[in-house]
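Here it is, the structure in full.
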Amino acid sequence: MTIEEKVRDVEAVFDALDQEIAAFQAASSLHCKFGCGKCCFKPDIEATILEFLPFAFHLYQTNQIESWYDKLSSNQSPVCVILNPDQSGAGLCSEYKYRGLICRLFGYSARTNKYGKKELITCQIIKTEQSENYIAAEQRVSDGGEVPVMSNYYMQLRNIDPELSTRFLPINQAMKGAFEQVLSYFAYR
Ligand code: SF4
């Protein structure tokens, strides 16, 4: 599979997920607090290399990959390097279009528990500041209502490239790994 084909397939998974999330948000009225980005400050976010391949490919195509690689190599903080705490607007992600799978899923998806029941995963701010809508959504999900299921989307990435989508790394390392995939791919072409 070429790297272009992998990127295209990952982006197709992201597009389908974004549509499913939009439908869930419309049904539940749950939404991120304007300008929040609190979840992005977590120092222990994990991701796979594959979910950042579209970002790496975009940076390669726009001649930015070297500067971003240097930025990652000199970075000491475990907090995501894409996060821009000074950004104005709805959120603090400076590359929102290219954010990872975990970034899309968090807040608007469910995991399946050992009894096979779906459990809504969302942030404390939504739980407390939108408690009525959250309780209603949680019940609907528990009763089998429509919601993106995390494992389904990780499985779809695994079908694209098992090697690049099985190992969970600290988010900046996952990004760096994606950059190295793209750089070595084109180094030999
Ligand atoms: S990629 Fe964007 S959404 Fe994901 S953790 Fe980083 S700043 Fe947050």
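The values are calculated or read from the model by the stated rules, or taken from the named source; none is laboratory data. Note that the coordinates shown come from a computational prediction; the quantities given were computed from them, not determined experimentally. Ideal geometry is used to build each Cβ from the backbone, glycine not excepted, and the neighbour counts take in all protein chains shown. The area values use the complete protein model at the heavy-atom level, side chains included, leaving out ligands, DNA and RNA. Shrake-Rupley method; radii C 1.70, N 1.55, O 1.52, S 1.80 Å.
Counting only residues that are closer than 23 Å to Glu119 by Cα and away from the ligand (no atom under 13 Å from the Cβ), how many does region 22-44 have?
Going through region 22-44 one residue at a time, the tally reaches 11.
So, in region 57-86, how many residues would count as being under 27 Å from Gln19 (Cβ atoms) and within 19 Å of the chain's Cα centre (by Cα)?
7
Mind checking which residues of region 26-59 are buried (at least 19 other Cβ atoms within 10 Å of the Cβ) and either of a type in the set (Gly, Ala, Ser) or more than 16 Å from Arg99 (Cβ to Cβ) (or both)?
Ser28, Leu30, Ala47, Ala56
Determine if region 81-90 includes at least one residue that is on the phi < 0 side of the Ramachandran plot, at pLDDT below 95, touching a strand residue (DSSP E or B) at 6+ places or on another chain (Cβ under 7 Å) and aliphatic (A, V, I, L, M).
There is no residue in region 81-90 that is on the phi < 0 side of the Ramachandran plot, at pLDDT below 95, touching a strand residue (DSSP E or B) at 6+ places or on another chain (Cβ under 7 Å) and aliphatic (A, V, I, L, M).
Which of the helices (runs of 4 or more DSSP H) contained wholly in region 45-119 include at least 3 residues that are more than 11 Å from the ligand (Cβ to nearest atom) and touching a Leu at 6+ places or on another chain (Cβ under 9 Å)?
53-61, 65-74
Each row is one residue, and each column tells you yes or no for (1) open to solvent by less than 30 Å² (accessible area, probe 1.4 Å); (2) over 19 Å from Phe34 (Cβ atoms).
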| site | (1), (2) |
| --- | --- |
| Ala110 | yes, yes |
| Thr122 | yes, no |
| Ile125 | no, no |
| Thr128 | no, no |
| Asn133 | no, no |
| Glu138 | no, yes |
| Ser142 | no, yes |
| Gly145 | yes, yes |
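Given the structure, is Gln64 surrounded by fewer than 18 Cβ atoms within 10 Å (Cβ to Cβ) and over 30 Å from Asn159 (Cα atoms)?
Considered against the rule, which asks whether it is surrounded by fewer than 18 Cβ atoms within 10 Å (Cβ to Cβ) and over 30 Å from Asn159 (Cα atoms), Gln64 comes out as no.
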